[in-house]
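S.K.: After the structure tokens below, expect a handful of questions from me.
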Amino acid sequence: MILAKTGNEAIAYAMKQINPDVVAAYPITPSTEIVQIFSSYVADGEVDTEFVPVESEHSAMSACIAAAASGARAMTATSAQGLALMHEMLFIASGLRLPIVLCVVNRALSAPLNIHCDHTDSLASRDSGWIQIFCEDAQEAYDTTICAIKIAEKSFLPVMVTIDGFIISHCMQRIEVLSDEEVKSFIGEYKPNYNLLDVENPITLGPACLPDSFFEHKRAQAEGMNQALRYIEEVFKEYKERFNRELFILEEYHTKDAEVGILCMGSTSGTAKIAVDNLRGKGYQVGLFKLRVFRPIAVSYLQRSLKNLKILGILERMEGLSAFGGPLFNEVRSVLYDEPERPIIISYVYGLGGREITPEEIEEVFLELLSLKNKKRENIEKFRYINVR
Amino acid sequence: MKSIQDLIKEKELFSSGHRACAGCGEVLAVRQVLLASKKPIVCAMPTGCLEIVSTIFPHTAWQVPMFHSAFENAAATISGMEAAYQALRRKGKIDKKIYFIAFAGDGGTHDIGFQALSGAIERRHSFLYVCTDNQAYMNTGVQRSSATPQFAHTTTSPKGEKLPGKLQPRKDIMEIIIAHEVPYAAQTTVAFFHDLAKKVEKAQSYEGPTFINILVPCPLGWGHLPSLTIEISRLAVETNFWPLYEYENGTYRLTYKPSQPKPIVDWLKLQGRFAHLFEEKNKHLLEEFQKYVDEKYQKLLKKCELSGK
Amino acid sequence: MSNTGNANEESKKECLIISWKDLTCGALVRDLKRIKENKTGTWRSLKPIWNKEKCVNCYRCWMFCPDGAVIIENDRVVGINYDYCKGCGICAKECPKKVQAIIMEREEK
Ligand code: SF4
Ligand code: SF4
């Protein structure tokens, strides 16, 4: 079935079809709509969900954690400050290995206050032990939200599915949806690892671990993330086999013969594809890498795909404030360190606080990269900005 | 109502082997509540003394399901558990009645956990929230909380050359909870086990959020002998510092009335945290304390009278 | 370094888990009986001595013991569980003055 949906509507619709047991959420721009639409599904009896309209995002995540630990499938959505307020609880969700799905509508973090898109919110929670999957458009958001349930429940890790605030969340697009039955049969039943409501088999969840066991718990959790990519691959594969829709871990666009590439995440990939088309029309061999899975780091994919480039521009929608670039730049760069041949890598910070990025600007980046590709890497300024006045 | 003969037959759900200090009032309150509670129970607690003494991996004192996640979210946690229960019950995956209890200290209730508690009550989840009030942050080493009484010495409201301990009177959490129009809220303490047990059972007979505020002496933080935990708990009531009362369906009722109230100094003098009040220069503060207790008690009596109880 | 080595050996012996691979998924405790390993009776400096002859079975010691260390069998107090009793003295203090069936004594070490 084809529907016209904004990114937020697409996610809310996926949530309706998932029909989670518990949704605990708090409004925040630009993710508010997801919760708002979902609560109308609750009001109309279209879902069986227990909707908990909590008094803060901290409580939203706390309640989702408690629900998931009580044998319920739990979901929520948030943005920016909301995700920051959840920060403490993100680590607890993953440390307890609870398969919660959180839809993040990316927005800049204060200060100064800004409600528009950048990736600082999700990227700031990169070390919280959550799988993070970035989506380009409403279709991808819809498909990924459904897959995320299954990825989470296979890996026993919580999953963030992200879309760009306003650019995708509020932009009407054509999406193809599955039937309710297809979604239901794809995700199956939630089989929890443990269940607090199993009163015949009581457990204590969340004990204090002293130095004699804390380390082992963290090591075990790390193993969960080490295995996660495999589950993502499995779920994407099954999704393709059943519904003929392909989801990527690292999507490539005209990269086969490219010496010059750009890597980015989220909606900018769509813009960059236009830039690639334009330049290809003029005979330039340039390509685009759209990274979808930011956690776990898709090491093998990145190595295989990027090592033969001469030069790579990384479009980073976050100012890392580290004096050495943002997380996307640093991590991709680090992944390529062991390759005997590796591209020059340049960081381009762009689009902060919803600053628009155009195909022309990305074309300029490609042309700049082309002009730099034969230079000595140590002589090149690696930290650049796009359209900052 | 369970009689003492019933209570002694109850299974201990808070096991020995926990690492609370000798004479700890908080774990005693937990033990008493669990004995009195209807079953089956599922519990939550925030970070704090109780969590540290009862659940150091791979040990747990809890013989019922217990979940600790963070400090400020006991009420949000119990909300999520109760929501899961409602959803799974509706789907036919759970068929029995489960009672939810959150145990939190004064920090986790009056201060950092307050927002979550207010929200959970307003949303009308069904749970009993037990505040084990030892009137300071004991787990981190006796810092003042908004439940610390006026003039008490704590490590962040120390008695000094200029200041006589904490300057402000404590927050009246009961009135704040009652303002949420809960079906049932009550105040009790460990020395009055029968009173406490009755209140637990009563609270659990209501759907929706209920609240019990339990005064729990802390030998370490209050500076008293471990053997005096019950004596001090009892004196708090006999001096009218901690009246035993309940609020039920809109009416207040005293559940115990000291026939001959004792002067507040009887309670204060057993506790190191008030020792400085007995120095010559602070004598007037004792009077002030007494006045505060009397006025507060009179106000409560008024409310009970207005309720016709 | 040899000191450290010994300390490590010691801590290994007491170590409660062998490897991260043995841990269940997520930080939780399933074995609720294992708490009984914590013999908190070793903390005691004073020891409650219960006198069967004097006891009137009012259960006050039982209801006020923070450690659940007063043993009741067939509705009668039968003694103190010294494995867990921390010697706080509440039971002795709260036992009715008229009978004073519990007294505190210095713990023999
Ligand atoms: S001394 Fe304290 S811990 Fe020991 S039995 Fe008496 S009340 Fe319990
Ligand atoms: S308090 Fe004293 S009299 Fe009462 S049961 Fe205990 S030992 Fe016996």
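S.K.: Hey, can you rank B:61-71, C:36-46, A:25-35 by average C-beta count inside 10 Å, highest first?
M.R.: Working: B:61-71: 25.3, C:36-46: 15.4, A:25-35: 23.6.
Highest mean packing first, the order is B:61-71, A:25-35, C:36-46.
S.K.: How high is the relative contact order of segment A:200-316, given as a whole-number percent (alpha carbon pairs under 8 Å, six or more residues apart)? Let's see the in-between values first.
M.R.: Details: 117 pairs, mean separation 34.2, N = 117.
Relative contact order here is 29 percent.
S.K.: Please give the contour-minus-distance gain from A:R230 to A:Q285: 0.36 nm per residue of separation, less the Cα-Cα distance, rounded to one decimal in nm. Could you put the intermediate results ahead of the total?
M.R.: Numbers: separation 55, 0.36 × 55 = 19.80 nm, distance 3.21 nm.
Gain on stretching A:R230 to A:Q285: 16.6 nm.
S.K.: Kindly provide the GluC sites (Glu not before Pro) of segment A:168-235 that DSSP labels as loop, not H, G, I, E or B, and whose Cβ sees at most 12 other Cβ atoms within 10 Å.
M.R.: On the way: sites: A:E176, A:E181, A:E182, A:E189, A:E200, A:E216, A:E223, A:E233, A:E234; in loops: A:E189, A:E200.
Filter output for segment A:168-235: A:E189, A:E200.
S.K.: If you don't mind, there's one more thing I want to ask. For helix B:25-36, what angle does its Cα long axis make with the longest principal axis of chain B, in degrees from 0 to 90 and rounded to 10?
M.R.: Computed tilt is about 40 degrees.
S.K.: Let me ask something else. Using a 1.4 angstrom probe on protein heavy atoms only, which residues from segment A:197-217 are buried by at least 50 Å² of accessible area when all chains are present rather than their own chain alone?
M.R.: Buried-area filter returns A:L197, A:V199, A:P202, A:I203, A:T204, A:L205, A:P207, A:A208, A:D212, A:E216, A:H217.
S.K.: Accessible area per residue for segment C:40-106 in Å², computed with a 1.4 Å probe and the full protein assembly in place, what is it? Kindly include the intermediate steps, with their values, before the conclusion.
M.R.: Working: 3280 Å² over 67 residues.
So segment C:40-106 comes to 49 Å² accessible per residue, rounded to a whole number.
S.K.: Using the Karplus equation 6.51 cos²θ - 1.76 cosθ + 1.60 (θ = phi - 60°), what ³J(HN,Hα) coupling, rounded to whole Hz, does each residue of segment C:81-89 give in order, writing x for Gly and Pro?
M.R.: Those phi angles translate into 8, 6, 5, 10, 4, 9, x, 5, x Hz.
S.K.: May I pose another question? Structure shown: which of B:K171/B:K303; B:K199/B:K269; B:K91/B:K198; B:K9/B:K303; B:K96/B:K199 lie over 27 Å apart, alpha-carbon to alpha-carbon? Spell out each step's value before the answer.
M.R.: On the way: B:K171/B:K303 18 Å; B:K199/B:K269 30 Å; B:K91/B:K198 34 Å; B:K9/B:K303 38 Å; B:K96/B:K199 23 Å.
Beyond 27 Å between Cα atoms: B:K199/B:K269; B:K91/B:K198; B:K9/B:K303.
S.K.: Before we go on, tell me the buried accessible area for the A/B pair, both chains summed, 1.4 Å probe, in Å² to the nearest 100.
M.R.: Numbers: alone 16640 and 13740 Å², together 27260 Å².
For A against B, buried area totals roughly 3100 Å².
S.K.: Placing +1 on the Cβ of each Lys and Arg and -1 on the Cβ of each Asp and Glu in segment A:250-385, which of A:T255, A:S269, A:Y301 has its Cα farthest towards the positive end of the resulting dipole?
M.R.: Ranked along the dipole, the leading option is A:Y301.
S.K.: Still on this model: If you count the DSSP beta bridges with both ends in the protein assembly as shown, what percent of them are antiparallel, to the nearest 5?
M.R.: Numbers: 33 of 98 bridges.
Antiparallel bridges: around 35 percent, rounded to the nearest 5.
S.K.: Mind giving me the nanometre distance, one decimal, between the label points for C:C58 and C:R34, set 7 Å out from Cα along Cα→Cβ?
M.R.: Label at C:C58, label at C:R34, 4.2 nm between them.
S.K.: For segment B:4-306, what does the accessible surface come to per residue with a 1.4 Å probe? Please give it in Å². Write out the running numbers ahead of the final one.
M.R.: Values: 10230 Å² over 303 residues.
Averaged over the residues of segment B:4-306, the accessible area is 34 Å².
S.K.: Can you work out the FRET efficiency for the pair A:H87 and B:S3, with r the C-beta to C-beta distance and R0 = 51 Å, to the nearest 0.05?
M.R.: Working: r = 49 Å, r/R0 = 0.97.
Step by step, r from the Cβ atoms, then E = 0.55.
S.K.: Work out the FRET efficiency for C:T24 and A:S300 from their Cβ-Cβ distance, taking R0 = 25 Å, and round it to the nearest 0.05. Spell out each step's value before the answer.
M.R.: Working: r = 29 Å, r/R0 = 1.16.
Step by step, r from the Cβ atoms, then E = 0.30.
S.K.: On to the next question. List the equivalent ellipsoid semi-axes of chain A in whole Å, largest first, each obtained as the square root of 5λ for an eigenvalue λ of the Cα gyration tensor. Present the calculation step by step, with values, prior to reporting the outcome.
M.R.: Details: eigenvalues 247, 108, 77 Å².
Over the Cα atoms of chain A, the ellipsoid semi-axes are 35, 23, 20 Å.
S.K.: Given a 1.4 Å probe and every protein chain left where it sits, what share in percent of the accessible area of the protein assembly as shown is carbon and sulfur?
M.R.: Values: 16470 of 31760 Å².
Carbon-and-sulfur percentage of accessible area, whole number: 52.
S.K.: Here's another thing I want to ask about it. So which trypsin sites (Lys or Arg not before Pro) in segment B:7-73 are both in a DSSP loop and have at most 13 other Cβ atoms within 10 Å of their Cβ? Before the final figure, lay out the partial values.
M.R.: Details: sites: B:K9, B:K11, B:R19, B:R31, B:K38; in loops: B:K9, B:K11, B:R19, B:K38.
Taking segment B:7-73 and a limit of 13 other Cβ atoms within 10 Å, the loop trypsin sites (Lys or Arg not before Pro) found are B:K9, B:K11.
S.K.: Hey, another quick one. Given the alpha-carbon gyration tensor of the protein assembly as shown, what are the semi-axes of its equivalent ellipsoid in whole angstrom, ordered largest first, with each equal to the square root of 5 times an eigenvalue? Write out the running numbers ahead of the final one.
M.R.: Details: eigenvalues 652, 151, 135 Å².
So the equivalent ellipsoid measures 57, 27, 26 Å along its semi-axes.
S.K.: A further question follows. For the interface of chains C and B, what total accessible area is buried with a 1.4 Å probe, rounded to the nearest 100 Å²? If you can, show how the numbers build up before the last one.
M.R.: Working: alone 8860 and 13740 Å², together 19480 Å².
Counting protein atoms only, the buried area is about 3100 Å².
S.K.: Pop a pseudo-label 7 angstrom from the Cα along the beta-carbon direction at both B:L167 and B:D95 and give the gap in nm to one decimal.
M.R.: A separation of 6.2 nm, rounded to one decimal place.
S.K.: Round to a whole angstrom and tell me the spacing of the C-alpha centers of segment A:1-46 and segment A:322-356.
M.R.: If we compute the Cα centre of each part, the gap is 34 Å.
S.K.: When the helix-only estimate is applied to chain B (DSSP H runs of n ≥ 4, each -39,500 (n - 2.57), divided by the residue count), what is the mean residue ellipticity at 222 nm, nearest 500 deg cm²/dmol?
M.R.: Working: 11 runs with 109 residues, N = 309.
Per the formula, -10500 deg cm²/dmol.
S.K.: Continuing with the same structure: Of A:A67, A:F243, B:N134, which is farthest along the charge dipole of the protein assembly as shown in the positive direction, counting Lys and Arg as +1 and Asp and Glu as -1 at C-beta?
M.R.: Ranked along the dipole, the leading option is B:N134.
S.K.: Now for a separate question. Any idea of the accessible area per residue across chain A, 1.4 Å probe, to the nearest Å²?
M.R.: Numbers: 14480 Å² over 389 residues.
Each residue of chain A exposes 37 Å² on average to a 1.4 Å probe.
S.K.: Using label points projected 7 Å from each Cα along Cα→Cβ, tell me how many nm separate A:E200 and B:Q298, to one decimal.
M.R.: 6.0
S.K.: Next question. Just to confirm my numbers, what's the Cα centroid distance between segment B:71-116 and segment A:231-255 in Å?
M.R.: Using only Cα atoms, the two centres lie 39 Å from each other.
S.K.: Evaluate E = 1/(1 + (r/R0)^6) for C:I103 and B:K38, where r is the Cβ-Cβ distance and R0 equals 45 Å; express this FRET efficiency to the nearest 0.05. It would help to have the intermediate numbers written out before the result.
M.R.: Numbers: r = 37 Å, r/R0 = 0.83.
Efficiency computed from Cβ-Cβ geometry: 0.75.
S.K.: How big is the A-C contact in terms of buried accessible area, both chains counted, 1.4 Å probe, rounded to the nearest 100 Å²? All intermediate terms of the calculation are to be shown ahead of the outcome.
M.R.: On the way: alone 16640 and 8860 Å², together 24080 Å².
Its buried surface, counting both partners, is about 1400 Å².
S.K.: When you take every Cα atom in segment B:206-301, what is the radius of gyration, and what is Dmax, the widest Cα pair distance, in Å?
M.R.: 15.1, 52
S.K.: Enter the Cα centre distance for the pair segment C:22-38 and segment B:274-308, rounded to the nearest angstrom.
M.R.: Between the Cα centre of segment C:22-38 and that of segment B:274-308, the gap is 47 Å.
S.K.: Take every residue in peptide A:18-26, count the Cβ atoms of other chains within 10 Å of its Cβ, and give the average of those counts. List each step's numbers first, then the result.
M.R.: Values: counts 0, 1, 1, 9, 10, 2, 4, 0, 1.
The mean count of partner-chain Cβ atoms within 10 Å per residue comes to 3.
S.K.: Students often get this wrong: which residues of segment B:201-230 have the backbone nitrogen under 20 Å from the point 7 angstrom along Cα-to-C-beta of B:N249?
M.R.: Under 20 Å, as judged by backbone N against the label point of B:N249, lie B:201-212 of segment B:201-230.
The values are calculated or read from the model by the stated rules, or taken from the named source; none is laboratory data. This one's a predicted model, so the numbers in the text were calculated from it and none came from an experiment. Cβ: placed from backbone, ideal geometry, glycine included. Neighbour counts: every protein chain shown. Note: accessible area is taken over every heavy atom of the protein model, side chains too, but ligands, DNA and RNA are not part of it. Shrake-Rupley method; radii C 1.70, N 1.55, O 1.52, S 1.80 Å.
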